[in-house]
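The values are calculated or read from the model by the stated rules, or taken from the named source; none is laboratory data. Just so it is clear, the model here is predicted, and its values are computed rather than measured. With ideal geometry, Cβ positions are generated from the backbone for all residues, glycine too; neighbour counts draw on all protein chains shown. The area values use the complete protein model at the heavy-atom level, side chains included, leaving out ligands, DNA and RNA. Shrake-Rupley method; radii C 1.70, N 1.55, O 1.52, S 1.80 Å.
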Amino acid sequence: MTLPRFDQIRPKIEKHIREVKDFPKKGINFRDIMPLFTNPQLVNELCVVIADHVRHSVGHVDSVAGLEARGFLFGPQVAIQLGVPFVPIRKKGKLPGATIEASYQKEYGEDIVEIQEGAIKQGDVVFLIDDLLATGGTLRAAANLVVKAGGKVGEAFVLIELTPLNGRAKIPDVNLTTLISYDSA
């Protein structure tokens with residue numbers, strides 16, 4: 001289910017996404033969300049709309065978990081709107097203390113993401129948020145991490161989905177909401 005407010009905000013957000021051809025390497029059309037942050041009122045409106053979506057479509061959540069680094073741009077604001085904790089999901093070695101980790105395959109090897117022990121409790125319902133779904137590896141690892149910590153993914157949200165890269169195929173068990181889909185990577 002898509003709330004009407006997503007349909008209302010989508011064109012505003014699309015106007016602030018810049019396409020950078022051949023970045024970070026030739027043949028890749030990078031979708032740059034940083035121009036969105038020149039409009040703080042729009043960023044706030046987006047986070048309010050996402051929080052409303054969570055309340056109406058997901059229901060109760062115990063926390064919002066954001067993926068490093070751009071999930072950190074929206075996740076804390078959505079968590080504040082919902083009145084729940086924010087859980088940062090970071091690359092290995094970036095969090096102090098005891099952590100729980102999950103690995104995922106990248107194009108040229110393996111990477112690991114972590115959360116701090118105790119950040120997600122047994123039975124917690126977690127809303128995952130990130131800026132982009134491409135191949136799905138990072139989001140898959142994040143969902144696995146939530147489950148490994150004892151939680152359940154209520155839903156995942158991404159601002160942008162690059163549909164030709166078929167990232168959804170890696171997360172068939174996760175409810176996913178995408179604000180903007182691009183048919184070219």
Lone unmet requirement of (1) in contact (Cβ under 8 Å) with a residue 12 or more places away in the chain; (2) within 16 Å of the chain's Cα centre (by Cα) for Ala69: (1)
Complete set of residues in the stretch 155-182 that are surrounded by fewer than 16 Cβ atoms within 10 Å (Cβ to Cβ) and in contact with a helix residue (DSSP H, G or I) (Cβ under 6 Å, 6 or more places away or on another chain): Ser181
The lone exception for Asp62 - which of (1) over 25 Å from Leu165 (Cα atoms); (2) at pLDDT below 95 it fails: (2)
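So which residues in the stretch 121-154 are touching a helix residue (DSSP H, G or I) at 6+ places or on another chain (Cβ under 6 Å) and on the phi < 0 side of the Ramachandran plot, if there are any at all? So that I can check it myself, show each step before the final result.
Of the stretch 121-154, the ones touching a helix residue (DSSP H, G or I) at 6+ places or on another chain (Cβ under 6 Å) are 126-130, 133-136, 140, 153-154.
Those that are touching a helix residue (DSSP H, G or I) at 6+ places or on another chain (Cβ under 6 Å) and on the phi < 0 side of the Ramachandran plot: Val126, Phe127, Leu128, Ile129, Asp130, Leu133, Ala134, Thr135, Arg140, Val153, Gly154.
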Close pairs (7 angstrom Cβ cut-off, 6 or more residues apart or separate chains): touching a residue at least 24 places away in the same chain (Cβ under 8 Å) in the stretch 157-185, of a type in the set (Ser, Thr, Tyr) and part of a loop (DSSP other than H, G, I, E, B) anywhere: Leu165/Thr135; Gly167/Thr135
Number of positions in the stretch 89-99 that are touching a residue at least 24 places away in the same chain (Cβ under 8 Å) and open to solvent by 40 Å² or more (accessible area, probe 1.4 Å): 2
Scan of the stretch 100-133 for residues that are more than 30 Å from Ser184 (Cα to Cα), of a type in the set (Asp, Glu) and open to solvent by 70 Å² or more (accessible area, probe 1.4 Å), ordered by number: Glu117
Top-ranked residue in the stretch 1-50 [being in a loop (DSSP other than H, G, I, E, B) and surrounded by 15 or more Cβ atoms within 10 Å (Cβ to Cβ); ranked as modelled with the lowest pLDDT]: Leu3
Pick from the stretch 148-185, criterion assigned to a loop (DSSP other than H, G, I, E, B) and among the polar types (S, T, N, Q), ranking: modelled with the lowest pLDDT: Ser184
